[in-house]
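A short write-up of the structure that comes next.
Just so it is clear, none of the values below were taken in a lab; they were calculated from the coordinates. These numbers come from a predicted model, not from an experiment. Don't worry about glycine lacking a Cβ; one is built from the backbone with ideal geometry, like all the others, and counts go over all protein chains shown.
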């Protein structure tokens, strides 16, 4: 199966750049019991009999908000938001037990069946791109198309870029100093494990302090222009910061439960017939462009759109426009 790689190093900005309105009420919402322990929250908005699209959030542990609907035309799309295990409104909050990549993959499938959907478009960014790709590999026949942003495949070198000396720390030494200051020097050789010990501490204050430092580091390096005041406000949201930091660190310390460190890239052949768009910021410091490029080389049928002034965050108008363009492309599929 050969294809000429499609790479676009610039994106034509289309309206609406800010995205579609997010003010409409969900026409359906609730909790789906997926295990004896976990109930996942979901909601549906847009057109009840429309083209189904599932938004797969990042983190893991970040959860969804109404802003996640912004990419999808509500007159055409049936937009499904899902809070993954322990995140957002899902119960129990910030729970690490029975919370693995494979659990989340099957939760997506259980939700699809619960909603009576045959096939859907899968839209995911950052960790959401990881989960979307694994879901597509496991349930290829249920995926109409993939729209992905900020590619992360869970390999150790990708985690090391974020949490070991010599990666993002070289770009943000000032913010890195704050991140490592929460950990004694004797433990800094393995920052993920050191943070995990604190994030799983029975002492709430120890856990919260570690969660705030963990989230602050990632938030600070997600945008090209950093709003420290806004980040400080965000990490004061105890509910969000605990689920985000605890669950994300939980996944990274366990190598995302991949027996094969390159599971996604080594299985990409299974989804090469699935239409796809990969949107990647050239200056993404959380999930560097190298991984998106490697994915594209394995999956040349997918279009890779490189956003010249894009970072990890979707705050850039060009990032938002590229994702909206992709959703527009598939809305009548």
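So here's what we get for this one:
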| quantity | calculated |
| --- | --- |
| Order of 101, 233 under a 10 Å beta carbon neighbour criterion, fewest first | 233, 101 |
| Cut-off 16 Å (backbone N to label point 7 Å along Cα→Cβ of residue 236), residues of the range 201-226 | 209, 212-213, 216 |
| Between helix 317-330 and the chain: long-axis angle, C-alpha atoms, 0 to 90°, nearest 10 | 40 |
| Cα-projected label distance for residue 66 with residue 282, points at 7 Å along beta-carbon direction, nm | 3.7 |
| Proxy reagent accessibility, fewest Cβ within 10 Å first, across 164, 187 | 187, 164 |
| Kirkwood hydrodynamic radius (C-alpha pairs) into Stokes-Einstein, the range 7-121, 10 °C and 1.306 mPa s, D in µm²/s | 106 |
| Over the range 234-299: Rg over Rh, Cα atoms, Kirkwood Rh | 1.07 |
| Relative contact order (%) - the chain, alpha-carbon pairs under 8 angstrom, separation at least six | 24 |
| Three-way shape call for the range 265-333 based on the alpha-carbon gyration tensor, with the a/c threshold at 1.5 | oblate |
| Evaluated at q = 0.19, 0.23 Å⁻¹: base-10 log I(q)/I(0), Debye formula over Cα of the range 156-257 | -0.95, -1.39 |
| Net length gained if the chain between residue 329 and residue 171 were fully extended (0.36 nm per residue, minus Cα distance) | 53.3 nm |
| Rounded to 5, percent antiparallel among DSSP beta bridges of the chain | 30 |
| Kirkwood Rh, angstrom, the range 83-203 [1 / mean 1/r, Cα pairs] | 16.8 |
| Overall form of the range 59-145 per C-alpha gyration tensor (a/c, 1.5; a/b vs b/c) | oblate |
| Global form of the range 199-278, assessed from the alpha-carbon gyration tensor, a/c cut-off 1.5 | oblate |
| C-alpha long axis of helix 127-138 to longest principal axis of the chain, angle in ° | 50 |
| Gain in span if fully extended, residue 270 to residue 28, counting 0.36 nm per residue against the direct Cα distance | 83.8 nm |
| Alpha carbon centroid spacing (whole Å) that separates the range 260-333 from the range 22-50 | 26 |
| Residues 224, 191, sorted so that the one with the fewest Cβ neighbours within 10 Å comes first | 224, 191 |
| Gain on full stretching of the segment that runs from residue 209 to residue 39 - 0.36 nm per residue minus C-alpha separation | 58.5 nm |
| Fraction in percent of alpha-carbon pairs per bin - 10 Å, the range 208-333 | 12, 30, 36, 20, 2 |
| Answer label, with Rg/Rh (Cα atoms, Kirkwood Rh) calculated from the coordinates and candidates (i) 0.94; (ii) 0.97; (iii) 1.01 | (i) |
| The chain: calculated mean residue ellipticity at 222 nm from DSSP helix runs of at least 4, using -39500 (n - 2.57) | -11000 deg cm²/dmol |
| Tilt relative to the chain, helix 238-253 - C-alpha long axis, 0 to 90 degrees, to 10 | 90 |
